[in-house]
1. Exactly one condition in (1) in a helix (DSSP H, G or I); (2) in contact with a strand residue (DSSP E or B) (Cβ under 8 Å, 6 or more places away or on another chain) is not met by SER369; state its number.
2. Can you tell me which residue in region 349-373 is modelled with the highest pLDDT, limited to those that are more than 21 Å from LEU437 (Cβ to Cβ), open to solvent by 70 Å² or more (accessible area, probe 1.4 Å) and within 16 Å of the chain's Cα centre (by Cα)?
3. Tell me, please, whether a residue that is under 20 Å from GLN6 (Cβ atoms) and either free of Cβ contacts under 8 Å to residues at least 12 places away in the same chain or crowded, with 18+ Cβ neighbours inside 10 Å (or both) can be found in region 133-140.
4. For region 57-79, indicate whether the set of residues that are closer than 26 Å to GLY126 by Cβ, open to solvent by 10 Å² or more (accessible area, probe 1.4 Å), part of a helix (DSSP H, G or I) and touching a Phe, Trp or Tyr at 6+ places or on another chain (Cβ under 6 Å) is non-empty.
5. Tell me which of these SER47 doesn't satisfy, since it passes every other one: (1) at pLDDT below 90; (2) open to solvent by 20 Å² or more (accessible area, probe 1.4 Å); (3) assigned to a helix (DSSP H, G or I).
6. Step by step: first the residues of region 454-472, then only those that are modelled with pLDDT of 90 or more and outside any loop (DSSP other than H, G, I, E, B), then the one that is least open to solvent (accessible area, probe 1.4 Å). Which residue is that?
7. Out of LEU279, LEU257, LEU191, I need the residue that is closer than 30 Å to GLU399 by Cα, in a helix (DSSP H, G or I) and at pLDDT 80 or above. Which one?
8. If I filter region 416-453 down to residues being of a type in the set (Ser, Thr, Tyr) and at pLDDT below 90, which single residue comes out as surrounded by the most Cβ atoms within 10 Å (Cβ to Cβ)?
Amino acid sequence: MAAIQQINGDYYGSKETVTEALPYAKKSKDYISCINNTLGIADKELSLYDDAIFYYKESVKDSKDLEDKHIPLSNIAAVYIHQKKYDKAIIILEFILNQKFLEKKSKARSKARTQDNLGYAYFKIGLHEKGLYLMIEGLKLRNEIKDTYGSIESYLHLADYYSKKNLQKSDENALLAYKISTKLNSVDERLEALQILVSNDHSPNTSKYVQQYFTLNDSIIKVRNNFKNKSAKIKYDAKKEKDENEKLRLEKAENQLSLQKAKYLRIVFVIVFFFLVILIAILIRYYKNKNKAIEFKSSYDTETRISKKIHDELANDVFQVIAFAESQPLAVENTKENLLQKLDDIYGRVRGISKENNKIETGKDFTKSIKEMLSTYNTVERNIIATNLESVNWEDVDEIKKITIGRVLQELMVNMKKHSKASLVVIKFDSDQKSILINYTDNGIGCEKTKISKNGLQNMEHRIQTVKGTIEFETEPQNGFKAKIAIPK
């Protein structure tokens with residue numbers, strides 16, 4: 001069941017399901033190893049790389065011999081490649097490739113995968129010829145054994161390799177990956193191939209690829225959401241049919257209503273307390289340090305204080321709902337539904353305000369928080385795409401600049417949502433030895449340059465100037481909007 005959920009993109013559901021298998025697997029370590037490996041795959045797809053490595057290592061511990069251990073070891077190397085820890089990946093992959101069991105005919109797929117990943121890691125550390133040789137050898141072996149699905153990864157790696165050397169070859173490999181993944185209905189690989197084609201911008205069909213990307217992305221989001229809903233409903237209905245009778249269902253509904261009311265109240269008060277703690281921290285920092293960096297953080301924390309005030313305005317609605325619950329007969333179905341709807345509305349408003357004004361994550365989950373923030377502005381009519389976010393070494397960027405980048409991106413999104421009427425937004429991240437570069441482009445209605453200051457963009461300029469960066473706007477009526485940001489490292 002967990003494997004089916006992973007195929008359909010329900011990684012959180014997969015983790016819940018496979019965890020339910022643990023009590024049944026205590027008598028056999030073989031199943032424990034499989035369960036840990038499955039948990040590692042889910043966390044890797046959710047970009048929780050440290051957690052993924054932990055579960056893969058647990059899987060290695062529970063594997064009976066080196067031949068079984070090589071699968072989670074290969075998965076650890078793949079995570080290291082995603083983390084750009086190529087040296088660590090190379091050590092593991094070289095060790096696996098030197099094992100005699102890989103020469104077995106039954107292990108040809110594993111050998112090809114190891115060659116391809118090792119070649120890709122070599123390429124990423126600058127050993128281009130050595131890397132290209134291994135990637136080609138891996139592709140040859142995959143074609144010989146007719147590992148069609150595995151060849152997709154080889155073509156994507158080669159497309160990445162040639163993207164800096166020969167755009168025509170890069171497009172050719174990306175197109176091969178796209179055709180095979182389309183034939184095999186492998187959606188994630190299709191999206192990755194289209195992203196490479198769009199990034200190369202070498203073909204007259206680039207606009208077509210962009211449209212295909214967003215159409216496919218919208219489609220898979222809907223399909224996966226439907227799958228999650230169906231899966232949850234099936235599990236719920238099965239349990240309900242087995243365990244509940246009419247009286248228990250009524251009691252359960254009343255208990256759920258009470259718990260839900262308490263849950264929503266706790267959430268509101270916890271959020272208020274959270275913002276109060278932040279406010280106190282702001283005041284302490286402000287009076288201890290008055291340099292420009294702390295002044296900047298003070299303005300950042302002031303925004304969270306504004307969010308707290310908005311939450312306070314919800315208090316009356318919450319107490320009205322409490323009064324409603326105390327005065328109305330909850331046994332009446334319409335009353336219960338009305339109350340639940342009111343609570344759900346308040347909860348949705350609180351979450352919306354919190355997401356727009358919450359603290360910027362500046363630690364190891366910075367890229368994840370940026371992706372989540374940008375994704376909240378995706379709608380059926382509007383698509384947001386961010387490229388090369390992981391290409392920047394964010395560990396070398398200080399906290400103040402990360403906060404600046406997060407807030408400026410939020411303000412760009414808010415400005416776009418209010419004014420541009422854009423259906424497509426592309427944000428490209430890049431870096432050189434001195435600066436972090438961010439290029440924002442949308443296809444909205446634009447505006448005259450003389451009216452830029454009236455759209456709330458002066459605040460962005462102030463933020464960027466505080467960290468000694470620059471921001472340039474390019475816009476004309478009906479011709480979209482562009483912003484180029486450069487922040488020194």
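1. (2)
2. Restricting to residues being more than 21 Å from LEU437 (Cβ to Cβ), open to solvent by 70 Å² or more (accessible area, probe 1.4 Å) and within 16 Å of the chain's Cα centre (by Cα), the top hit is GLU372.
3. No - not one qualifying residue is present in region 133-140.
4. The answer is yes, given that some residue of region 57-79 is closer than 26 Å to GLY126 by Cβ, open to solvent by 10 Å² or more (accessible area, probe 1.4 Å), part of a helix (DSSP H, G or I) and touching a Phe, Trp or Tyr at 6+ places or on another chain (Cβ under 6 Å).
5. Among (1) at pLDDT below 90; (2) open to solvent by 20 Å² or more (accessible area, probe 1.4 Å); (3) assigned to a helix (DSSP H, G or I), the lone unmet condition for SER47 is (3).
6. The residue in question is ILE464.
7. LEU279
8. Checking each candidate, the answer is SER420.
The values are calculated or read from the model by the stated rules, or taken from the named source; none is laboratory data. Since the model is a prediction, treat every value here as computed from it, not as a measurement. FYI the Cβ positions are ideal-geometry reconstructions off the backbone, even for glycines, and counts take in every protein chain you see. Ligands, DNA and RNA are stripped out before the accessible areas are found, and what is left, the full protein with its side chains, is counted by its heavy atoms. Shrake-Rupley method; radii C 1.70, N 1.55, O 1.52, S 1.80 Å.
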